[in-house]
Amino acid sequence: MRKLIPDYVFESVYEISPAMLRARGVRGVLIDLDGTMASCRAALPPERLHGFIRSLREGGMQVLVLSNNRENRVRTFCRALGVAFISRACKPFRRGFRQAAEQLGVPLSQCAVVGDQIFTDVFGANRVGALSCYVQTIDRRLFWINLRYQLERGFIACGRRRMEARVNHE
């Protein structure tokens, strides 16, 4: 069950700073698309997201979108954002995470995985030894996503406590 608890919990990707990631030894960021960076209904990235990706890169991070979605959806979004991607990643299985880290040339131990799902993004990140960063989903109003969130709430609360304890000891 510990593998389902995120290292960090954020309200959105915009709370994640390159300085915090660098302090944890992160050089590569694997970011989920749907619900994490944009709504599953958004064909293109919001303008604010371009600045976030730029700040990661300027902070020395390599960025790759790691999504379980189909290639056409991910390619269109990532082309507009100017980032590399892996679609149909089969998260939480290790293969997609390993492929992403290899593509970036960064060991998984120096990668952060940012996503809105405990059972795919967080579980997969923790299984491969990456830093797991959970963000609240953008699509919480959708029925099935809200239902999933109800199942994830306890793990998210544990992640918040873990994060607060870490901050209080630093």
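Distance between Cα centroids, segment 101-163 to segment 48-84: provide it in whole Å.
Each part's Cα centre sits 17 Å from the other's.
Pop out the Kirkwood hydrodynamic radius of segment 36-166 from its pairwise C-alpha distances, inverse of mean 1/r, in Å to one decimal.
The answer is 15.5 Å.
For segment 121-170, state what percent of all Cα-Cα pairs lands in each successive 5 Å bin, counting from 0 Å until the bin that includes the largest distance.
4, 17, 22, 25, 18, 9, 3, 1
Per residue of the chain, what 222 nm ellipticity follows from adding -39500 (n - 2.57) for every DSSP H run with n ≥ 4, rounded to the nearest 500?
Using -39500 (n - 2.57) per qualifying helix, the result is -13500 deg cm²/dmol.
Where does segment 1-60 land on the Kirkwood hydrodynamic radius, alpha-carbon pairs, in angstrom?
Result for segment 1-60 stands at 12.9 Å.
Wrap a convex hull around the Cα atoms of segment 56-110, take a quarter of its surface area, and give that in square nanometres.
Directional mean of the projected Cα hull area for segment 56-110 stands at 3.9 nm².
Leaving out ligands, DNA and RNA, what percent of the accessible area of segment 23-141 is carbon and sulfur, probe 1.4 Å?
Its accessible area is 47 percent carbon and sulfur atoms.
Would you mind telling me which residue in LEU104, LEU131, LEU49 has the biggest mean-square fluctuation in a Gaussian network model of the chain, where springs connect alpha carbons within a distance under 10 angstrom?
LEU49
Taking the full set of protein chains and a 1.4 angstrom probe, give the accessible area of LYS3 in square angstrom, rounded to the nearest 10.
Per-residue accessible area (LYS3): approximately 100 Å².
The values are calculated or read from the model by the stated rules, or taken from the named source; none is laboratory data. Since the structure is predicted, the reported quantities are computational estimates derived from the model, not experimental observations. For accessibility, only protein heavy atoms count, side chains too; no ligands or nucleic acids. Shrake-Rupley method; radii C 1.70, N 1.55, O 1.52, S 1.80 Å.
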